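The values are calculated or read from the model by the stated rules, or taken from the named source; none is laboratory data. None of the values given here were measured: they were computed from a predicted structure. Here the Cβ positions follow ideal geometry from the backbone for every residue, glycine too, while neighbour counts run over all protein chains shown.
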């Protein structure tokens, strides 16, 4: 195995799609709100108004990045809550308009399982299939619409295979179709993988709801947001106090909210350079691994994918063995979603794009950041190229 | 007005029921999990296992304080989510057993509005009235039970008036009644105001579900827990990844969870002394204010109340004017729940114990901690005694 270029204190971290560290400037911005400006932002006195002002400011900052109004931003506990709230909130609010929603087979489970909860509550859900490249065709979404459809949810970029969906085109088709019927259909996108990589302007995307999770872009864990376009019917599902203009109850997580706003601005400011740097590493990883490992299959479209996402399958290789070998070599990577890493099920995303069960179980996801180096990329290629044949020969030996 | 004993840097903070600052030892415990041990706890590599181990440890620590098993603890984003999940999770899971739940008129809105959401979904809810002292009688809860009742939710201590409910006795009555009918009824308590003040052992209380919120006991905002007794039917309502043994989806908030566990242990360890110190200040505040302000009415039972809670009404005084005066004098206090501080509605708790609308609008809640001083208590009594007659005479002048 190649000599690792990291020491004990340093893992080569290539799982940025799973989570990212809080950046120093984010940590610094959060700091005063733990013990000093700790007041409950909903209280009336001056101590609390410090927190309120910080949250108002954070709301405006997040809104600006999204091209939205501050009043359209609802702070949540993360991407999962945002996705759940988008689906349940709109479907329940529009129940009298119709009981059908449309989503896709390759959404994050936060969307898919919310859709299943809606099915339990009497709603109908259509799960549109992607093509073999992991792209959802706008026509396929439009064809799934019914007169009783109230919501369409299509993710901006897939968390496993990185494919970028034509959300703006889907939104145009859906709106045109709905307008013909004299109806409206709300459009949600899970943009959790977007910040720092893709444009996430809500008007450019043409969406009515959009989910983000701070820890995916060097913000803290446990905080996210849901953009809800003004006028979109929404029935809150986390209920209690009147926080977030009655759209999401619970004492405001001031440090988390402040941290997210700083992280989102930083991700957006760094986006052009970071995306280019990541794309170069991505392409080198894909080319290097494909060249050096027989039978490598790239999962998802080669071009319409996140600049930082590599997802490849190696026939005859159990992902678990490969990940363990990479871990021992100091490389943190995954086979797909961290949310289901402990599960024994093959990836629903890989199955949806036509992978066999065994191919779906042999996937490696590498997700880089601009902080990764060319040296690290080279080491990862070398290590994968060395490990895969070893695992194959061991598996072959076991079979014989 | 008495000379303030604080300076610009120091508010006399008497709103600990609303929120509390993160303690230094909690902040220190959280620190490594933001940027160093930042791995996604659900990932498989070593970097992530640091986070996983920290969360497992935090789970055991929290469980020990509650007299529970680690596997019975579900980490959430706070008290509101915990309360919502308890009601929806059990009611939906047991829908085929019955569509009726029982709660009380004085619960936090996180329980009441979750109950209303269940009503929208076709459930029946009975809201038991408290007595004039703000105590819910076990007989009243038992009488509300029906053959189709699946869940009873009664808070441990009221967040506005501090009254402690006979949860253990209620649980006994409910279990006995259910057993007669050969059924089971799950029992939930919102114990958000409990830590550091009351015993919160789930077996002593006899409850199946219990909600906590970290920021109420010097832990961070944005994290809480829901205890779910083994075997209790529960349908998760925050859905997506397989985190928290499939009971609550979403990337684990490692620093928040670690911080909560340290805060909970500290609150429990300090409880006997802190409760005694608070009770002494509470009783001096009540006696001093009652003695010096004509017509002071204590809201809630004088003895069966949280050691740190004072809630008094002053006829003829708008709470808003009093709170503003207190704020100017450097005292942070509230009229009731922070979650509804901005609302113009009178307190549902005060109305439920028989207060008139005007009395309900004239309430002052002071909630102390062991960190408050006798000097501060004296200053608060002096300030209230000076402000109330002033506000009354100004109101009188406006009327004449």
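Consider residue A:235 carefully, then state whether it is within 14 Å of another protein chain (Cβ to nearest Cβ), at pLDDT 95 or above and more than 20 Å from residue B:250 (Cβ to Cβ). Show your work before the answer.
Values: within 14 Å of another protein chain (Cβ to nearest Cβ): yes; at pLDDT 95 or above: yes; more than 20 Å from residue B:250 (Cβ to Cβ): yes.
In short, yes.
Could you grab me the full set of residues in segment A:265-291 that are in contact with a strand residue (DSSP E or B) (Cβ under 8 Å, 6 or more places away or on another chain) and surrounded by 18 or more Cβ atoms within 10 Å (Cβ to Cβ)?
As a first pass, look at segment A:265-291 and keep what is in contact with a strand residue (DSSP E or B) (Cβ under 8 Å, 6 or more places away or on another chain): A:282, A:285-286, A:289-290.
Once the filter is applied, which keeps residues that are in contact with a strand residue (DSSP E or B) (Cβ under 8 Å, 6 or more places away or on another chain) and surrounded by 18 or more Cβ atoms within 10 Å (Cβ to Cβ), segment A:265-291 yields A:282, A:285, A:286, A:289.
Looking only at helices (runs of 4 or more DSSP H) that fall completely inside segment B:282-400, which ones have 1 or more residues that are modelled with pLDDT of 95 or more? Outline the logic, then answer.
Working: elements: B:319-328, B:348-352, B:357-360, B:374-399.
Once the helices (runs of 4 or more DSSP H) in segment B:282-400 are filtered for at least 1 residues that are modelled with pLDDT of 95 or more, what remains is B:319-328, B:348-352, B:374-399.
Pick from segment A:83-126 the residues that are under 24 Å from residue B:251 (Cβ atoms) and assigned to a strand (DSSP E or B): which of them is nearest to the other protein chains (Cβ to nearest Cβ)?
A:103
Given (1) surrounded by fewer than 24 Cβ atoms within 10 Å (Cβ to Cβ); (2) closer than 30 Å to residue A:266 by Cα; (3) under 22 Å from the mean Cα position of the chain (by Cα); (4) facing chain B (nearest Cβ under 10 Å), where does residue A:335 come up short, assuming only one miss?
Going through the list (1) surrounded by fewer than 24 Cβ atoms within 10 Å (Cβ to Cβ); (2) closer than 30 Å to residue A:266 by Cα; (3) under 22 Å from the mean Cα position of the chain (by Cα); (4) facing chain B (nearest Cβ under 10 Å), residue A:335 breaks only (1).
Give the residue, chosen from A:216, A:221, that is under 27 Å from residue A:26 (Cβ atoms) and assigned to a helix (DSSP H, G or I).
Working: A:221 fails: assigned to a helix (DSSP H, G or I).
Criteria check complete, one pass: A:216.
Among the residues that make up segment A:16-25, is at least one of them out of contact with any helix residue (DSSP H, G or I) (no Cβ under 7 Å at 6 or more places or on another chain), touching a residue at least 12 places away in the same chain (Cβ under 8 Å) and in the same structural domain as residue A:331 (by TED's automatic domain parsing)?
Scanning segment A:16-25 turns up at least one residue that is out of contact with any helix residue (DSSP H, G or I) (no Cβ under 7 Å at 6 or more places or on another chain), touching a residue at least 12 places away in the same chain (Cβ under 8 Å) and in the same structural domain as residue A:331 (by TED's automatic domain parsing).
Table: residues versus (1) surrounded by 24 or more Cβ atoms within 10 Å (Cβ to Cβ); (2) within 20 Å of the chain's Cα centre (by Cα); (3) at pLDDT 95 or above.
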| position | (1), (2), (3) |
| --- | --- |
| A:25 | no, no, yes |
| A:43 | yes, no, no |
| A:50 | no, no, no |
| A:58 | yes, no, yes |
| A:71 | no, no, yes |
| A:75 | yes, yes, yes |
| A:83 | yes, yes, yes |
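From A:236, A:220, which residue is outside the structural domain of residue A:370 (by TED's automatic domain parsing), in contact with a helix residue (DSSP H, G or I) (Cβ under 6 Å, 6 or more places away or on another chain) and in contact (Cβ under 8 Å) with a residue 24 or more places away in the chain?
A:220
Going by what's in this entry, would residue A:242 be described as in contact with a helix residue (DSSP H, G or I) (Cβ under 8 Å, 6 or more places away or on another chain), crowded, with 24+ Cβ neighbours inside 10 Å and within 13 Å of another protein chain (Cβ to nearest Cβ)?
Numbers: in contact with a helix residue (DSSP H, G or I) (Cβ under 8 Å, 6 or more places away or on another chain): yes; crowded, with 24+ Cβ neighbours inside 10 Å: no; within 13 Å of another protein chain (Cβ to nearest Cβ): yes.
For residue A:242, the condition - in contact with a helix residue (DSSP H, G or I) (Cβ under 8 Å, 6 or more places away or on another chain), crowded, with 24+ Cβ neighbours inside 10 Å and within 13 Å of another protein chain (Cβ to nearest Cβ) - is not met.
Can you name every residue in segment B:49-73 that is assigned to a helix (DSSP H, G or I), in contact with a strand residue (DSSP E or B) (Cβ under 9 Å, 6 or more places away or on another chain) and over 16 Å from residue B:246 (Cβ atoms)?
B:58, B:60, B:62, B:63, B:66, listed by residue number.
Surrounded by fewer than 21 Cβ atoms within 10 Å (Cβ to Cβ) and over 30 Å from residue B:261 (Cβ atoms), is that true of residue B:181?
Details: surrounded by fewer than 21 Cβ atoms within 10 Å (Cβ to Cβ): yes; over 30 Å from residue B:261 (Cβ atoms): yes.
The answer is yes for residue B:181.
Can you go through A:183, A:172 and tell me which one is over 18 Å from the mean Cα position of the chain (by Cα), in the same structural domain as residue A:130 (by TED's automatic domain parsing) and part of a loop (DSSP other than H, G, I, E, B)? Talk me through it step by step, then tell me what you get.
Details: A:172 fails: part of a loop (DSSP other than H, G, I, E, B).
When all the criteria are applied, what remains is A:183.
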